[in-house]
Amino acid sequence: MKQIIIQFGGTGDLFKKKLLPAYMQLAAKGYNFSIITLGRRFSTREEFIAHLPQRPDQKFLKRLEYVQYDMKDPASLERVSSKAQQLVGDECEVEFIYYIALQPSLYEAAIRQIEQINTHMHCTVSKKIIVEKPFGFDLDTATAYNTILTSVFTNEEIYRIDHYLGKEFMQNLLIMRFHNDIIRGIWNNHFIDHIQIIFDEDLGVEERLGFYEQIGVVRDTVQNHILQVITHLTMSEPSAFTPEEISHEKLRVLRAIKPVKDFTLSRYRSLAELQGDSIRTPTYTSFKLFVDTFEFSGVPIYVRTGKMQSEGRSQIYVNFKNTMGRVLNNSRIAQNSVIITTHPEMNIDITLNMKMPNTRWETQPVRFNFNHAETFGINTPEAYEQIVEKILRSDKSLFPSMSEIQEAWRIVTPTLQGNVVETYDDHTLPASAVRLLEEDGRVWNA
Ligand code: BG6
């Protein structure tokens, strides 16, 4: 069956940087699809193609169409419908995949338009709809969008995206935790002291300012990526590795998290200078939360994440209680940690205390390392390639459920009304993030 992707937001950053490379890889793997990209910026397909960061080869270009599209202009709809009709040709076994990569405020209008594109078809088609994160702007709008979506599409046809679920490390976290007896035994509040999640980006919002200033860091990454990471770190073992069972366990974790109270929001200086005081877009946040399940209650999870830091790094430190250091009153005995690094490359390290040579029982923490690329090679598909491949194959295993999304909105609700309390110098860590750990007598591991 031929598949036609109708890409809303086709001239945006996401399409250029993530989706186009994924589509090109999947086309090379032999998937049979065409793409109609929709955007306002360019009047012709040639202009659109000229702006792409890499020029796709001729074979791929044959699949790539462009339609200048303005939601407010009814003629645009006509153009999309006739382009779609042209691609369908005589075939009647065609599936339409509508991919919405737009501001949440435009969802409703986009869905209404999609309804009309469908009604213009003279051919029986199956359909799917893909909606990028953040799904909604808060709990109420997410619920309202879902009502609209489900009035046009069945739940089976809806794919809500969080590309972190397509990342190899997220899937690996579950394998590491549940397929290794030595880890299973210690992965709970008897042994874990606290967890640090550090997702720092070195870049600022750059050309995504228009999108980002409406959204801010919490909607951009916390409500989705960070909470999904927390579910993978703390969920109980699913009875089977099926989408339903995994989602069931993730939901139990999300329901056990209280709305976040201990948070601070900050914005980097060059953006503050650009925006002035009128728009207060948080670009960095740090907070502490607890997963109040039997296995994890009492384990603080500290999160810091945002833009314009000195180094781009994504790391999770699972720090274990240091009973021996305390019993022997020896500060040289370091706590054991499992360190999961996902950026700049994927590593899992376990630190253990080892004896230093030529000493009388002096120890030093040593890292035992698993480097994903060294072990498995560098050909692991990017997150978006895995996600889009699942969509093409109608496999719903890497998508958050609506219940997970609603719980995640509930958890971040207090932060959405929060004010930016600090302006931090570009490429420095906000002081509020440092204080968060200091107040608990701890320091960030990185
Ligand atoms: C996106 C956010 O969802 O995730 C971006 O919109 C962020 O602001 C990005 O930079 C981080 O994803 P990754 O895959 O680079 O860790």
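Points to keep in mind about this one:
- The set of residues from the stretch 383-416 being more than 15 Å from the chain's Cα centre (by Cα) and under 26 Å from Tyr284 (Cβ atoms) comprises Gln406, Glu407, Arg410, Ile411, Val412, Thr413, Pro414, Thr415, Leu416.
- Filter result for Gly39 (buried (at least 16 other Cβ atoms within 10 Å of the Cβ), within 16 Å of the ligand (Cβ to nearest atom) and not acidic (Asp, Glu)): no
- Meets criteria (surrounded by fewer than 17 Cβ atoms within 10 Å (Cβ to Cβ) and outside the structural domain of Tyr212 (by TED's automatic domain parsing)) for Glu46: yes
- Matching entry among Arg184, Arg177, Arg219 (being buried (at least 22 other Cβ atoms within 10 Å of the Cβ) and of a type in the set (D, E, K, R)): Arg219
- Candidate set: the stretch 186-239, residues that are part of a loop (DSSP other than H, G, I, E, B) and hydroxyl-bearing (Ser, Thr, Tyr); chosen: the one nearest to the ligand (Cβ to nearest atom): Ser236
- Residues of the stretch 276-320 satisfying the condition of being among the hydrophobic types (A, V, I, L, M, F, W, C) and farther than 15 Å from Leu233 by Cβ: Ile279, Phe287, Phe294, Met308
- Residue within the stretch 48-62 that is within 30 Å of the chain's Cα centre (by Cα), basic (Lys, Arg) and more than 19 Å from Asp162 (Cα to Cα) present: yes
- The residues of the stretch 226-267 that are closer than 19 Å to Thr281 by Cα and within 15 Å of the chain's Cα centre (by Cα) amount to a single one, Ile226.
- Any hit, the stretch 12-27, residues being closer than 21 Å to Glu207 by Cα and more than 16 Å from the ligand (Cβ to nearest atom): no
- Of all residues in the stretch 375-403, those being closer than 17 Å to Ser247 by Cβ and within 16 Å of the ligand (Cβ to nearest atom) number 4.
- Residue list for the stretch 232-272, filter: among the polar types (S, T, N, Q) and under 30 Å from Tyr424 (Cα atoms): Thr264, Ser266, Ser270
- Every residue from the stretch 343-352 that is within 16 Å of the ligand (Cβ to nearest atom) and over 16 Å from Arg177 (Cα atoms): His343, Pro344, Glu345, Met346
- Applying the criterion of being among the polar types (S, T, N, Q) and under 24 Å from the mean Cα position of the chain (by Cα) to the residues of the stretch 268-292, the residue that is modelled with the lowest pLDDT is Thr281.
- Test: residue in the stretch 375-392 that is touching a Ser or Thr at 6+ places or on another chain (Cβ under 8 Å) and outside the structural domain of Val303 (by TED's automatic domain parsing): yes
- Hits in the stretch 394-410 - residues which are in contact with a helix residue (DSSP H, G or I) (Cβ under 6 Å, 6 or more places away or on another chain) and part of a loop (DSSP other than H, G, I, E, B): Lys396, Ser397, Leu398, Ser401
- Screening the candidates His190, His194 for the property of being surrounded by fewer than 21 Cβ atoms within 10 Å (Cβ to Cβ), out of contact with any strand residue (DSSP E or B) (no Cβ under 9 Å at 6 or more places or on another chain) and not basic (Lys, Arg) yields one hit, His190.
- Members of the stretch 56-69 that are touching a helix residue (DSSP H, G or I) at 6+ places or on another chain (Cβ under 9 Å) and surrounded by fewer than 17 Cβ atoms within 10 Å (Cβ to Cβ): Asp57, Lys59, Phe60, Leu61
Yes/no per residue for (1) part of a helix (DSSP H, G or I); (2) in contact with a Ser or Thr (Cβ under 7 Å, 6 or more places away or on another chain); (3) free of Cβ contacts under 8 Å to residues at least 12 places away in the same chain:
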| residue | (1), (2), (3) |
| --- | --- |
| Lys16 | yes, no, no |
| Leu20 | yes, no, no |
| Leu26 | yes, no, no |
| Ser34 | no, no, no |
| Leu38 | no, no, no |
| Phe42 | no, yes, no |
| Glu46 | yes, no, yes |
| Ile49 | yes, no, no |
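- A single entry from Phe15, Phe96, Phe33 fulfils the requirement of being more than 24 Å from Lys167 (Cβ to Cβ) and among the hydrophobic types (A, V, I, L, M, F, W, C): Phe96.
The values are calculated or read from the model by the stated rules, or taken from the named source; none is laboratory data. Since the structure is predicted, the reported quantities are computational estimates derived from the model, not experimental observations. All Cβ positions, glycine included, derive from the backbone under ideal geometry; neighbour counts span all protein chains shown.
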